[in-house]
Amino acid sequence: MKTMIFDINDDIDVLIDALLHGKVGAMPCDTIYGLSAIANEKTSERIFELKKRPQNKNLITLTDFDHLDSGLIVPEVLHDIWPAPLTAILARKDGGKTVAVRIPADPFILEVVKRVGPIWSTSCNISGEPSLSTFDEIVKVFGGEADFIVKKEMRAGGMASTLVDFTSVPWRVLRQGAFDFSPFI
């Protein structure tokens with residue numbers, strides 16, 4: 001398989017078209033690269049396949065306020081925080097399965113979401129391995145496997161998003177990452 005390479009400064013329309021056609025690839029997401037695709041069942045299966053990841057783990061949904069699922073219980077504090085590198089575990093109003101959601105601060109990803117709707121994202125790595133943080137590392141592992149890779153210089157040592165469980169009170173920080181949530185606890 002040939003992997004399409006996009007520079008972050010290229011025309012975004014080609015990437016949008018790839019996503020709308022169910023393509024899965026590596027994109028910069030706020031702080032680190034993520035394996036991403038438009039959010040649907042078929043693409044989630046492909047992401048799990050690429051990562052060699054057990055399917056019992058959830059993917060993060062990147063969205064914006066316009067596309068935020070109205071079936072979720074969203075604490076008011078998130079409206080003050082987002083967009084930010086903070087991933088929230090949210091309960092569904094109907095009592096269904098919890099969902100991990102983030103409204104990213106990165107203008108590139110926000111433009112993608114605005115144009116295609118919610119997208120999946122998960123760390124760019126093989127399950128159990130360290131996250132890949134450079135374009136060259138990603139090409140070595142996912143070149144020829146992923147449908148596309150978006151090239152962007154990322155700062156060294158980027159941290160994943162902070163992960164907070166909002167499904168019970170008190171809220172719990174499950175992973176400290178790039179966002180300091182301590183003032184909100």
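Read-outs throughout are calculated quantities, based only on the coordinates presented, and are distinct from any laboratory measurement. These numbers come from a predicted model, not from an experiment. Methodologically, a virtual Cβ is constructed for each residue, glycine included, from the backbone with ideal geometry; neighbour enumeration extends over all protein chains shown.
Details
- Summarising the strand pairing of segment 32-185, around 70 percent of its internal DSSP beta bridges are antiparallel.
- Computed over the chain, the per-residue total of -39500 (n - 2.57) for DSSP H runs of n ≥ 4 gives a 222 nm mean residue ellipticity of -6500 deg cm²/dmol, rounded to 500.
- Out-of-range pairs (alpha-carbon distance over 23 Å; input Lys23/Lys97; Lys2/Lys152; Lys57/Lys140; Lys42/Lys93): Lys23/Lys97; Lys57/Lys140; Lys42/Lys93
- Evaluated on segment 24-101, the Kirkwood hydrodynamic radius is 13.8 Å, with distances taken between all distinct Cα atoms.
- Excluding exposed DSSP-loop trypsin sites (Lys or Arg not before Pro) (at most 12 other C-beta within 10 Å), longest clean stretch of the chain: 98-154
- Other-chain or far-sequence residues with amide H under 5 Å of Ile60's (modelled H): Ser121
- Extension reserve of the Glu153-Asp80 stretch, reckoned as 0.36 nm per residue once the Cα distance is removed: 23.4 nm
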